[in-house]
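Notes for the one structure printed next.
The values are calculated or read from the model by the stated rules, or taken from the named source; none is laboratory data. Since the model is a prediction, treat every value here as computed from it, not as a measurement. Here Cβ is always computed from backbone atoms with ideal geometry, including for glycine, and neighbour counts include all displayed protein chains.
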Amino acid sequence: MEIQLWREILNPYDLAVKELTVKFEHLIQEHRQQGLYSPIEQVHGRVKTISSILDKAQKKNIPINEIEEKLEDIAGIRIICQFVEDIQKVVEIIRSRTDMKVIEEKDYVNNMKNSGYRSYHMIIEYNVETMNGPKCIHAEIQIRTLAMNFWATIEHSLQYKYKKNIPDHIREKLSSAADAIIVLDQEMSQVRSEIMDAQNAFQIQANLVADI
Ligand code: 0O2
């Protein structure tokens, strides 16, 4: 397929990623302006690269004309939370929104993948308005803690380095690191209320200074 045609196909996904990123970033801002703790700490978005789309389609035996229908993560949003408890709050926020429709959920937070990967995935339908009119696309929202994100980022880089064949001794290290992350997230949850209070007090102070 020609590069220009790919650009046309990916344009609505690019728009969706931009819009969704702004919407979730705005939620953080709304919470902070009201001196409230935000369950969302950071938001990142990306459109899958053409080579990554083609690799995944080949791996899953998806014909080229069915890629848009069957590959649900061409548009990807990653929401990073401070605490495990925040993940459920974000899930509920997304479920209750009228501008996106949840069509699938995968809970790898409570059902860790064999690799050690943990994250909550939601596939949504989202409408964008393009030059050619409205288009409904799929997007994947991954919700995870800072600690889960640390693990997934390192593991993803290793998968890339070793072309998905990570040596056993490194796999073992990743597996024990994944267990350590579960413990870390549990320990941080135990001091959650103290941290939330401290951050709220800091935010209120910052808002007051900004108003002066
Ligand atoms: P990229 O490069 O991040 O876009 P699967 O058949 O399991 O490979 P599927 O059916 O699309 O994938 O759904 P799943 O399991 O929900 O995984 C989708 C995405 O979750 C992946 O996209 C990764 O971003 C992330 N993910 C899933 N498993 C792992 C894992 O073991 N380690 C890491 N680091 N990330 C994972 P892509 O397209 O595989 O990769």
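Overview of values
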read-out: Residues within the range 119-137 that are touching a residue at least 60 places away in the same chain (Cβ under 8 Å) and near the ligand (Cβ under 10 Å from one of its atoms), tallied; value: 0
read-out: Failed item in (1) within 14 Å of the ligand (Cβ to nearest atom); (2) at pLDDT below 95, with E140 passing the rest; value: (2)
read-out: Residue match in the range 152-174 (condition: touching a residue at least 40 places away in the same chain (Cβ under 8 Å) and hydrophobic (A, V, I, L, M, F, W, C)); value: yes
read-out: Unique match (being in contact (Cβ under 8 Å) with a residue 40 or more places away in the chain, among the charged types (D, E, K, R) and either within 28 Å of I195 (Cα to Cα) or touching a strand residue (DSSP E or B) at 6+ places or on another chain (Cβ under 8 Å) (or both)) among R32, R95, R46; value: R32
